[in-house]
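Engineer: Once you've had a glance at the structure underneath, I'll fire off some questions.
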Amino acid sequence: MFKSVYDPYAQALRIPGAAKFSLAGFIARIPLAMIGLGILLFISNTTGSYAFAGFIQASFTLTAALAAVVSSRMSDRYGQRIVLVVLPSIFSVTLFAFVYTVSNDFSRVWQTLLAVIAGASFPSFGSFVRTRWAFLTNKNERLLNSAFAWESILDEVVFTIGPLVAVALAFGVSFSSPILVGAVITLLGALLLASLADSSPPPFTRSEHKSEGSAFRFTGMTSTILVALGVGALFGTFEVAVVAFMQEADTPQLAGFTLAMWAASSMAGGLVYGSRHVNAPLSRQLVYTTLVLTIIVLPLAFISSPPLLIIVATLSGFAIAPTLICTFSLTQRLVPSKLLTEGLTWTNSGIAAGFALGASLGGVLVDRVGTAYAFGLGSLGAVLALAVTLFAQTRWNRAIYARRDDLPWTVPVSLNQEPIPGPAPGAFQHERGPE
């Protein structure tokens, strides 16, 4: 059993250079779960306002979501290296300046401005790494399936480690330390990834890149982004609500543990799900995963004890990684390889935008009416994701079926007779066009 789960990932990681760039991307992504939570802890404990803390966290996250689309499109056009060197350098310096302004009680305008600049200079490392996988696997669907699942698992490892480290640093060192440590780790990981040029796909010429337009315009992408938005809203409200809930219960240290258990169970779910080749259309699997997620998170608004919250968070986590694997795989099948980084970033930005909206509104709800309403808002995000998947199934099936014949951009590997060929958790490699 263990070997059957482990082997698909081991095969993918044996691709020359794969383990190195995956590790570098993992290091660069660790601060994802540190800085957002760090901002929430830093601002709420400095100002006493969850509303302002959620607003700053949302400003950072939303700007990162929007700007990442631009930086990812630049990486498709000019290559990843220049983006990975310039932007993280600006990001790290700006975060140090942000901590200085908050610590010295500068105007909230300055604090917000610096949070926005930091967000705008944060690349979508996950999309960069997934694009490298698509480049190296070269139409081998099973390897790409395992590779995408592997990166989703690493995302969950990030969100398992990150909250624990952030809370430990905040309460053990200082409330600003998760942000500062995260800034340094981001820069080191980005520079390491930039140095691995062999695994980076070459940039497309300007005429090739512009001929496809934006990844956003391809059929089915809007629905995929809306699913990501709903899931992201669940993430954002859950994080704010958990921190507030545990502080109200006089157990603030359990906030990091709860978020870590949430991510750890998601990692376990993704590990098993990503190693299996499910003979069902990807759209149908996304319906199943969002349905399970919605059912489990609906009781969150009625929970009144920390142990029960930890149990429900752990159970709901098992459906998160499978949902994300399906969502990113849909994106990879809907856009051509020339726009793959941008397309993946649109989906990732949908998650980030939902997170920002959830964190911002969740903070207001915590301050004004309590944590139960914030948890309820997160459940509505899951309901939105489920509703979109139910209405978009046919559209996704038709769009992906149509792209099978869109040569030279796609070369499907048919493993069954479903409208969407092949195992669902992974994705098809879109063949490169003429150089």
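Engineer: Report yes if F42 is surrounded by 21 or more Cβ atoms within 10 Å (Cβ to Cβ), in a helix (DSSP H, G or I), in contact with a Lys or Arg (Cβ under 8 Å, 6 or more places away or on another chain) and aromatic (F, W, Y), otherwise no. Let's see the steps before the verdict.
Structural biologist: Details: surrounded by 21 or more Cβ atoms within 10 Å (Cβ to Cβ): yes; in a helix (DSSP H, G or I): yes; in contact with a Lys or Arg (Cβ under 8 Å, 6 or more places away or on another chain): no; aromatic (F, W, Y): yes.
The answer is no for F42.
Engineer: When you scan the stretch 11-46, how many residues do you find that are of a type in the set (K, R) and over 30 Å from P252 (Cα atoms)? So that I can check it myself, show each step before the final result.
Structural biologist: Residues of the stretch 11-46 that are of a type in the set (K, R), as a first pass: 14, 20, 29.
Checking which are over 30 Å from P252 (Cα atoms) leaves us with 14, 20.
Going through the stretch 11-46 one residue at a time, the tally reaches 2.
Engineer: If a residue must be surrounded by fewer than 23 Cβ atoms within 10 Å (Cβ to Cβ), closer than 18 Å to G25 by Cβ and among the hydroxyl-bearing types (S, T, Y), how many such residues does the stretch 160-189 contain?
Structural biologist: 1
Engineer: Another question about this same structure. Looking only at the stretch 204-243, how many residues end up being small (G, A, S) and at pLDDT below 70?
Structural biologist: Number satisfying all stated conditions: 5.
Engineer: Could I ask something else about it? For R108, only one of the following conditions fails: (1) more than 27 Å from R368 (Cα to Cα); (2) surrounded by fewer than 21 Cβ atoms within 10 Å (Cβ to Cβ). What is its number?
Structural biologist: (1)
Engineer: So is L32 of a type in the set (A, V, I, L, M) and within 18 Å of L196 (Cα to Cα) or not? Steps first, please.
Structural biologist: On the way: of a type in the set (A, V, I, L, M): yes; within 18 Å of L196 (Cα to Cα): no.
Spelling it out, it is not the case that L32 is of a type in the set (A, V, I, L, M) and within 18 Å of L196 (Cα to Cα).
Condition check ((1) outside any helix (DSSP H, G or I); (2) under 19 Å from the mean Cα position of the chain (by Cα); (3) within 14 Å of P123 (Cα to Cα)) across all residues:
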{"residue": "Y9", "(1), (2), (3)": "no, no, no"}
{"residue": "F26", "(1), (2), (3)": "no, yes, yes"}
{"residue": "F52", "(1), (2), (3)": "no, no, no"}
{"residue": "Q57", "(1), (2), (3)": "no, yes, no"}
{"residue": "T61", "(1), (2), (3)": "no, yes, yes"}
{"residue": "V69", "(1), (2), (3)": "no, yes, yes"}
{"residue": "D76", "(1), (2), (3)": "no, no, yes"}
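Engineer: Ok, one more. Is it true that A385 is surrounded by fewer than 24 Cβ atoms within 10 Å (Cβ to Cβ), assigned to a helix (DSSP H, G or I), at pLDDT 85 or above and of a type in the set (A, V, I, L, M)?
Structural biologist: Answer is no for this residue.
Engineer: A further question follows. Out of all the residues in the stretch 325-339, is one or more touching an Asp or Glu at 6+ places or on another chain (Cβ under 6 Å), among the polar types (S, T, N, Q) and part of a helix (DSSP H, G or I)?
Structural biologist: Checked the stretch 325-339: no residue is touching an Asp or Glu at 6+ places or on another chain (Cβ under 6 Å), among the polar types (S, T, N, Q) and part of a helix (DSSP H, G or I).
Engineer: Taking the stretch 369-380 as the search range and keeping residues that are in contact (Cβ under 8 Å) with a residue 24 or more places away in the chain and out of contact with any Phe, Trp or Tyr (no Cβ under 8 Å at 6 or more places or on another chain), which one is surrounded by the most Cβ atoms within 10 Å (Cβ to Cβ)?
Structural biologist: Among those that are in contact (Cβ under 8 Å) with a residue 24 or more places away in the chain and out of contact with any Phe, Trp or Tyr (no Cβ under 8 Å at 6 or more places or on another chain), it is A374.
Engineer: Pick from the stretch 231-284 the residues that are hydroxyl-bearing (S, T, Y) and surrounded by 22 or more Cβ atoms within 10 Å (Cβ to Cβ): which of them is farthest from A33 (Cα to Cα)?
Structural biologist: That would be S283.
Engineer: Moving on. Return yes or no: is I320 β-branched (V, I, T) and either surrounded by fewer than 23 Cβ atoms within 10 Å (Cβ to Cβ) or farther than 25 Å from F128 by Cβ (or both)?
Structural biologist: In short, no.
Engineer: Of the residues L113, L84, only one is of a type outside the set (S, T, Y) and touching a Leu at 6+ places or on another chain (Cβ under 6 Å); which?
Structural biologist: Among L113, L84, only L84 is of a type outside the set (S, T, Y) and touching a Leu at 6+ places or on another chain (Cβ under 6 Å).
Engineer: Here's a follow-up. For the stretch 134-148, state whether one or more residues are within 22 Å of the chain's Cα centre (by Cα), surrounded by 24 or more Cβ atoms within 10 Å (Cβ to Cβ), of a type outside the set (K, R) and at pLDDT 85 or above.
Structural biologist: Within the stretch 134-148 (the criterion being within 22 Å of the chain's Cα centre (by Cα), surrounded by 24 or more Cβ atoms within 10 Å (Cβ to Cβ), of a type outside the set (K, R) and at pLDDT 85 or above), the answer is no, since none of the residues qualifies.
Engineer: Name every residue in the stretch 145-176 that is in contact (Cβ under 8 Å) with a residue 60 or more places away in the chain and within 22 Å of T101 (Cα to Cα), in order of residue number.
Structural biologist: A166, V167, L169, A170, F171, F175, S176
The values are calculated or read from the model by the stated rules, or taken from the named source; none is laboratory data. Keep in mind it's a predicted model, so treat the numbers as computed, not measured. Quick reminder, even Gly has a Cβ in these numbers, built from the backbone with ideal geometry, and neighbours come from all protein chains shown.
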